[in-house]
Amino acid sequence: MLEKKQHNYEKAVLVGVVTQNQDEDKLQEYMDELEFLAFTAGATVDRRFTQKLTQPDSKTFVGSGKAQEIKEYVKENEIGTIIFDDELSPSQLKNLEKEIEVKILDRTNLILDIFAQRAQTSYARTQVELAQYQYLLPRLSKMWSHLDKQKGGIGMRGPGETEIETDRRIIRDRISLLKDKLKVIDKQMATQRNNRGKVVRAALVGYTNVGKSTLMNAISKSDVFAENKLFATLDTTVRKVVIGNLPFLLTDTVGFIRKLPTQLVESFKSTLDEVREADLLIHVVDISHESFEDHIESVNQILMEINAHQKPMIMVFNKIDDFSYEKKDEDDLTPGSSKNVSLEEWKKTWMAKSKHPAVFISALTKENFPEMKRLLYDEVMKIHISRFPYNDFLFEYFDNDEDEASEKED
């Protein structure tokens, strides 16, 4: 029998602030997401600390009183890590480590750590390493606090160079080397994309952990790694798919997230090029998540940043098997919220008026799959006909699954 592996999770506390731009409800959503990120990275959250501020403190992010409270709690409960919901400046990071004397992480550092764990291929590892060095460069002062001026002595006096400046130079050289390496890989990836010919290309996009890889496996009948954790997929995967005799290429891409680090957007340029060069975007949404509308907005924002927001798109609302809502009593006159909206009611809201066609499915149980495949076929067919206007009669839609089922019965 195989022995069960014991996972040693680090104990951590989370810290966030309520500001003018971020109310208490929004902060709780972000903190829930931060806790999931921490769990994915290998930490268990012991407690959350929040504070109301006009804006984060420039020295320690939170007020001095709250920083002292966190320090005392961490010491009493032997907590090894403090995770902040927003990106900390180099000076805030340095001051907090000096004050509390434990490992301090911010949201960006945590995401980078998860990416480092998930990177499997040389290409993904190069992208993550570049992002890590770009994040690390302005924060070297806190990493190398033991380094002072080079030691004096006979023959050693002079202008010299501080060790921290030496380390910065080494990191800049490494960043330059990694960028050159990625340029070579970018050319290779571009050549691969050109070699795919004029076949229609569709790309799965969406927030992290919405079920893109599960949907990819279900449509392409492949075995892409999928897991109920954030950023399970980093490497771009391309599979040939045939629906109703119509072939096209389907790409699974890295998931997006709110407050996505700018370093990652820059270093994952080639991965995002798959989205830029796709003919059709399949925007997968986890409709069972209470903040799915915010997730849609975050993805649309990133698509706008990479200039891919004008492409034809299909909205696929996934995980209907997990969807639930709180039904209000007829005599309850209190204002309703999104938690009280049923799936049928959601279908009649802005989703019905959206410029993009929508379908509601479960990638896990394959509920409403024929409807989704027909929609996908129709959209790919439009692009195919515009590209090959004289051979549209070659293709006639039929349900592959139904044919396979009838063959098994025979």
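The values are calculated or read from the model by the stated rules, or taken from the named source; none is laboratory data. This is a predicted model, so every value here is computed, not measured. Virtual Cβ from ideal backbone geometry, glycine too; neighbours counted across all protein chains shown. These area figures cover heavy atoms from the full protein model, side chains too; ligands, DNA and RNA do not enter into them. Shrake-Rupley method; radii C 1.70, N 1.55, O 1.52, S 1.80 Å.
For this structure, a couple of remarks:
- Relative contact order of region 9-112, defined on C-alpha pairs under 8 angstrom at six or more residues apart (%): 34 percent
- Applying 0.36 nm per residue to the separation of Ser58 and Glu290 and subtracting their alpha-carbon distance, the gain on full extension is 80.3 nm.
- Most to least packed among 297-308, 9-20 [average Cβ atoms within 10 Å]: 9-20, 297-308
- Between Asp32 and Ser386, the distance separating the two model label sites (each 7 Å from Cα on the Cα→Cβ line) works out to 3.8 nm.
- Per residue value of the accessible surface for region 9-112 (all protein chains in place, 1.4 Å probe), Å²: 48 Å²
- Simple spin-label estimate for Glu76 and Asn300 gives 4.6 nm between the two label positions (7 Å along the Cα-to-Cβ direction from each Cα).
- Total lysine pairs whose alpha carbons fall under 19 Å of each other in region 9-112 (8 or more apart, or interchain): 21
- Computed E for Arg47/Leu364 - FRET, C-beta separation, R0 25 angstrom, nearest 0.05: 0.15
- Fully extending the segment from Glu345 to Asp23, taken as 0.36 nm per residue of separation minus the present Cα-Cα distance, adds 113.2 nm.
- Only protein atoms count toward the accessible area here, which uses a 1.4 Å probe; on region 9-112, the carbon and sulfur part of that area reaches 42 percent.
- Sorting 94-102, 349-357, 213-221 by their mean Cβ neighbour count within 10 Å, with the most densely packed peptide first, gives 213-221, 94-102, 349-357.
- Computed from the Cα positions only, the extents of region 9-112 along the three principal axes stand at 34, 28, 24 Å, in decreasing order.
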